[in-house]
Amino acid sequence: MFDFIRRVFLSEHKKHHQKSLLIRPEFGYLFDGIPDEWVSLDLEMTGLNPKTDHILSVGAVSIKHKDGVLTMDTADALSIVCRPPVMPDTSTIVIHGLRPIDVQNGVSYNEMLERLLPFIAGRTVVGFCVDMDMRFLNALAAPYLGVKLPNKTLDVSVLDQKIRQKKQRDPNVFVEKKHLNQLLKSYKIPLLPAHDALNDAMMTAMLFCHLNKNHP
């Protein structure tokens, strides 16, 4: 009991300290958790290194739990093309489908954050390999806000892995994580054109809803 109280106290103390470091106090709401609401997030990048690669596009879909049902708000979904400091190699068009002219006409990273942060607010961020996306996002958010994003995260591949591990008769048998496409096919979730940030965010949101509905 005392350990629980101590952890809660330390968590609140850390949150208060982080909030005090904000250089943009108007974003203080990021620290106000929103229960029963999530944001499915996906980023398309030029590569996998946040120090050398850049975000090209962002897709986000909100999810709410209301009256016992999880609902995706696709009408309010967010799709943003960004203008990176270095134009992507044309050979990567086949991967993300974004032409140089698309990203040249994209918004600045600060404009992207001004649209995305109110959308995320204090909600838990859901994603596939969400830690990677958060590293890229925090590389921009930290200098913009003064602190990294305080949001909790949930990786659908880890959620699925835990569910399948729990079903194992032999708890010593290790269950490996699956790729997003494998998970979507396993649960008969519609496959949308891949490597589009909004499509990937929507498919991840559908997977999250399915896992919570069938394995509460």
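The values are calculated or read from the model by the stated rules, or taken from the named source; none is laboratory data. Keep in mind the model is a prediction, meaning the values are calculated, not measured. With ideal geometry, Cβ positions are generated from the backbone for all residues, glycine too; neighbour counts draw on all protein chains shown. Surface accessibility is based on the protein's heavy atoms, side chains included, excluding ligands, DNA and RNA. Shrake-Rupley method; radii C 1.70, N 1.55, O 1.52, S 1.80 Å.
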>> Calculate the FRET efficiency for V69 and K162 from the Cβ-Cβ distance with a Förster distance of 35 Å, rounded to the nearest 0.05.
In response: 0.95
> Separation between the K152 and S186 pseudo-spin-labels, each 7 Å from Cα along Cα→Cβ, expressed in nm?
Replying inline: 2.3
> How large is the dipole of the stretch 1-155 about the Cα centre if only Lys and Arg carry +1 and Asp and Glu carry -1, each at its Cβ, rounded to the nearest 20 debye?
Replying inline: 540
> Taking the highest mean first, how do the peptides 74-82, 14-22, 193-201 order by number of other beta carbon atoms within 10 angstrom per residue?
Replying inline: 193-201, 74-82, 14-22
> Residue by residue, what Karplus-based ³J(HN,Hα) values in Hz, rounded to whole numbers, does the stretch 63-76 have, using 6.51, -1.76 and 1.60 with θ = phi - 60° and x for Gly and Pro?
Replying inline: 10, 10, 10, 9, 6, x, 10, 8, 10, 8, 9, 6, 5, 9
> For K177, which aspartates and glutamates qualify as cross-link partners when the Cα separation must be under 20 Å and same-chain residues fewer than eight apart are set aside?
Replying inline: D42, D131, D133, D155, D160, D200
> Roughly how many Å² is the accessible area per residue of the chain, as a whole number, for a 1.4 Å probe?
Replying inline: 58
> Tell me, what is the 1.4 Å probe accessible area of I23, in Å² to the nearest 10?
Replying inline: 110
> Along the charge dipole of the chain, which of S157, P193, S20 sits closest to the positive end, that is, farthest toward it, with unit charges on the beta carbon of Lys, Arg, Asp and Glu (+1, +1, -1, -1)?
Replying inline: S157
>> Could you check the spin-label model distance between E26 and R135? Points 7 Å from the Cα along Cα→Cβ, value in nm.
In response: 3.2
> Okay, which of the stretch 111-138 sit inside 16 Å, backbone N to the point 7 Å along the Cα-Cβ direction of K19?
Replying inline: 121-123
>> Longer than 19 Å from Cα to Cα, which of K188/K213; K51/K148; K162/K213; K64/K166 are they? Say none if no pair is.
In response: K64/K166
> So which DSSP H runs in the chain come out at 18 Å plus along the axis (Cα) with average Kyte-Doolittle of at least -1.0?
Replying inline: 130-145, 197-214
